[in-house]
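So the structure is just underneath, and the comments pick up after that.
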Amino acid sequence: MRLYVGFMTYLTVSILAKDEISFEPKVQAAKEQGAEAIEIRTDSLTSPSPEVTAKLVAMAKKKELPVIVTCRDKAEGGVAELGQSLRLSILREAIVAGAEFVDIEYENFKHPDVQSVLRAMLEQYPSTQLIISRHNFTGPFEDIKLIYESILAVYPEAIPKIVYKARHINDCFAAFDLLSEADCPVIAFAMGLAGQVSRILAKKFGAFLTFASLDDESASAPGQISVRQMKTIYRWDNLNAQTEIFGLIGNPVGHSLGPTLYNACFDSNDVNAVYVPFLVEGEKLEFNAFLKNVSGRSHMGFGGFSVTIPHKTHALDYANQHGEYVDNLAEAIGAVNTLKVGFNGILSAYNTDYAGAMDALASVMAGDRHDLHAMKVAVIGAGGAARAVVAGLVDVGARVTIYNRTVQKARSLAKEFRCRAAGIDELPQTDAQITINCTSLGMHPNVETCPVPEGVLNADMTVFDTVYNPLETKLLKNAKAAGATIVNGAEMYIRQAMAQYKIFIGDEPNEDQMRQIVCEKLQLNS
Ligand code: NAP
């Protein structure tokens, strides 16, 4: 058996070109963007042949990129219907031309004629290694370990490649388990959006390679992300077996600021960690299954999670049943936005939304949350954000009135937190010193809407809008014009993220860096 000492995880770009002319700039771009290997998908060529293959391999070698040559069978996702003998002669030529790897489907390799030719070639050209692959485009394999073993049984020197469609993020754990347990190089990841995280974490789990696209649009498979994102957002160059895993659990998670924000902070604080989006579709059942998967794999280095819609209440329930610790305010708010995974895999649960809101307010006032004691505050809205804000305000002894469109909701929230309730139409009668918008009014794309009527705002008031997209809402513009002190939603976001980072890492993040990243991103989005 061949020894694979110190192999790296190749960040690989799969190139599907029609001919040599269109191939060349793609290889160049892959090299420039930082790809560490390329796959030549010869089945995408308009006229695939051994001769063209040899030229493409030579072009790639000139760029000093390791090459995988694949002529994918149409039955396993290939572009064109090509005969077995043509596909085999392309792989033979690739070996002669010096490709470092050739990839053949397990089903085809089992064919005695194919196998004898390839075995002889690989013996003659020992610098080429064989990747034997299995794909399932509709769902996960029943027993991925068995497939791994059956590949090695037919050719022990092979690098097994096992790729399947994730129907849910929970399907990724089979690939993580295989990668963690395998004692030889193996490629295993899940396709589709639900499998995206398995491509990012491939290096952490020691996969032989993972695929990334040349740009955000040219992905050759669903769930694939670009080399640029791998390198600049997901810290590709820093990932290793010791990297701790953090991420955002929610649905959707695609537009979160979290990966950019936390990964930049890990970078500047020199923390060996990565923050990724965990798209957890479904409800409590699927969420619980995800956390069970995490808790049962304490050796994998999951460090903690931000939790967002629709799982904040599921996280509280889970932590109450299976957790080690639940923060009092998270319990009072009825929602958890932060989970910390202990060394034993057991979770602790917190809510940093309230801390974010309180710290944002305190920053423009005297500077301490407790200075909000006895202040009259109008909270507009009675949803999730309002719950966190009201819980925080009541905790420091502020005098809160909740104004909501659906007055019944305001009343029931007020009853829970022992404060006052009113309809949103009663806002003009408020004598509040602080007004806080916790509705979605004013949020992109409805930027012209405003929850507070004209005449309510004045120069003695502090106005805080939890909406952060756009950064300056219509409410804040009006408040500024009335001479009020204003606090934007980004401040709350930044401060809840700072509190969360501290729970995750145990250290303070760089506040200026966080503010700069959040404001830059939000300005770009607005
Ligand atoms: P939610 O639970 O769905 O609650 C939405 C609230 O907005 C409800 O009180 C709802 O009133 C009210 N509302 C919605 N449309 C309205 C309209 N046309 N007129 C009057 N009231 C309306 O949402 P949430 O989780 O609390 O989030 C609310 C906002 O908070 C979000 O849009 C987000 O921008 C902001 N937020 C910011 C941060 C941060 O870190 N800065 C964190 C979390 C949330 P009804 O009860 O009558 O439906």
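Taking the centroid of alpha carbons for each part, the stretch 489-520 and the stretch 141-205 are 35 Å apart. For residue 399, the residues whose amide H sits under 5 Å from its own are 374, 375, 376, 377, ignoring neighbours fewer than 5 places away on the same chain, with H placed 1.01 Å from N. Shown is the FRET efficiency for residue 119 and residue 286, computed with R0 = 41 Å from the Cβ-Cβ distance and rounded to the nearest 0.05: 0.35.
Ranking 424, 496, 435 by how far each Cα lies toward the positive end of the dipole of the stretch 421-526 (charges on Cβ) leaves 496 at the top.
In a DSSP loop and with at most 11 other Cβ atoms within 10 Å, the trypsin sites (Lys or Arg not before Pro) in the stretch 353-444 are 418. Taking Cα centre as origin and charging only the Cβ of basic (Lys, Arg, +1) and acidic (Asp, Glu, -1) residues, the dipole magnitude of the chain rounds to 480 debye.
Looking at the chain, the DSSP beta bridges with both ends there are about 10 percent antiparallel.
Net charge of the neighbourhood of residue 276, taken over other residues with C-beta under 14 Å away and scored Lys/Arg +1, Asp/Glu -1, is +3. Each 10 Å bin, from zero up to the one with the longest distance, holds this percent of the alpha carbon pairs of the stretch 247-351: 16, 48, 33, 3. If you line up the long axis of helix 20-33 against the longest principal axis of the chain, both from Cα atoms, how many degrees apart are they, to the nearest 10? Taking the Cα atoms of the chain, the angle to 20-33 is about 50 degrees.
Taking the average, over residues, of other Cβ atoms within 10 Å as the packing measure, peptides 51-59, 306-314, 114-122 rank 306-314, 51-59, 114-122 from highest down. Peptide packing: for 339-349, 196-206, the average count of neighbouring Cβ atoms within 10 Å per residue gives the ranking 196-206, 339-349, highest mean first. For the pair residue 142 and residue 449 in one chain, pulling the backbone fully straight at 0.36 nm per residue adds 105.3 nm over the alpha carbon distance.
To one decimal place, what orientation-averaged projected area in nm² is obtained for the convex hull of the Cα set of the stretch 355-487?
Numbers: hull surface 27.6 nm².
Averaged projected hull area, Cα only: 6.9 nm².
Debye-formula intensities of the stretch 10-241, expressed as log10 I(q)/I(0) at q = 0.13 Å⁻¹, are -0.72 (one equal scatterer per alpha-carbon, no solvent).
Taken about its Cα centre, the stretch 247-351 carries a charge dipole of roughly 120 debye when the Cβ of each Lys and Arg holds +1 and the Cβ of each Asp and Glu holds -1. Put simply, the stretch 317-409 fits an ellipsoid with semi-axes of 27, 17, 9 Å; these come from the alpha carbon gyration tensor as the roots of five times its eigenvalues, largest first.
Dimensions of the stretch 178-307 from C-alpha coordinates, computed as largest minus smallest value along each principal axis and given longest first, are 37, 37, 34 Å. By the equivalent-ellipsoid construction on the alpha carbon gyration tensor, the chain comes out with semi-axes of 54, 23, 18 Å, ordered largest to smallest. Axis of helix 353-364 versus longest Cα principal axis of the chain: the two differ by about 60°, to the nearest ten degrees. Using Cβ point charges alone (K and R +1, D and E -1), the dipole size of the stretch 10-241 about the Cα centre works out to roughly 400 debye.
For a straight C-alpha distance cut-off of 13 angstrom, the aspartates and glutamates reachable from residue 145 (same-chain residues fewer than eight places away being disregarded) are 177, 181, 183.
Read the figures in this text as sums done on the coordinates, not as results from a lab. Quantities reported herein were computed from a predicted structural model and do not represent experimental measurements. FYI the Cβ positions are ideal-geometry reconstructions off the backbone, even for glycines, and counts take in every protein chain you see.
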